[in-house]
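Reviewing the structure listed below.
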Amino acid sequence: FIMGIVFELPLLSWLLSKLGVVNKAFFKQYRRHAVVILLVLAALITPSGDPFTLMVVFLPLYILYELSILVVKDAKPEEEEEKE
């Protein structure tokens, strides 16, 4: 169930981007934090403690995070915001 929810990360990111809550800069700025959180999440999901299994779970999660960066929109430059 948890893995099913995690695979919705790009869709959730896109939706939050459309609402103006997050943008690419946010994802790029907190990439290091996301890696640590994803490693902890992978450790919770992984049934055993060996590093290989941990990486097998972590890598798809990280790929989904990077995919989320691709689907969110860029922040508007301040010059365009002033014109509007």
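Points worth noting:
- Subset of region 13-25 [part of a helix (DSSP H, G or I) and without any contact (Cβ under 8 Å) to a residue 40 or more places away in the chain]: L15
- Enumeration of residues in region 44-54 that are in a helix (DSSP H, G or I) and either in contact with a strand residue (DSSP E or B) (Cβ under 6 Å, 6 or more places away or on another chain) or over 20 Å from E66 (Cβ atoms) (or both): L44, P51, F52, T53
- Filter result for V36 (farther than 17 Å from I5 by Cα and either among the aliphatic types (A, V, I, L, M) or touching a residue at least 40 places away in the same chain (Cβ under 8 Å) (or both)): yes
- Scanning region 23-39 for residues that are open to solvent by 80 Å² or more (accessible area, probe 1.4 Å) and either more than 19 Å from E8 (Cβ to Cβ) or of a type in the set (S, T, Y) (or both) returns K28, Q29, Y30, R32, H33, V36.
- Set L9, L54: member being at pLDDT below 90 and open to solvent by less than 70 Å² (accessible area, probe 1.4 Å): L9
- Residues that are open to solvent by less than 80 Å² (accessible area, probe 1.4 Å) and either outside any loop (DSSP other than H, G, I, E, B) or charged (D, E, K, R) (or both) within region 57-79 comprise V57, F58, P60, L61, Y62, L64, Y65, E66, L67, S68, I69, V71, listed in sequence order.
- Flag: G49 does not match the condition of being without any contact (Cβ under 8 Å) to a residue 24 or more places away in the chain and surrounded by 10 or more Cβ atoms within 10 Å (Cβ to Cβ).
The values are calculated or read from the model by the stated rules, or taken from the named source; none is laboratory data. Keep in mind that what you see is a predicted model, and the values were worked out from it rather than measured. Ideal geometry is used to build each Cβ from the backbone, glycine not excepted, and the neighbour counts take in all protein chains shown. All accessible areas refer to the heavy atoms of the entire protein, side chains included, with ligands and DNA or RNA removed. Shrake-Rupley method; radii C 1.70, N 1.55, O 1.52, S 1.80 Å.
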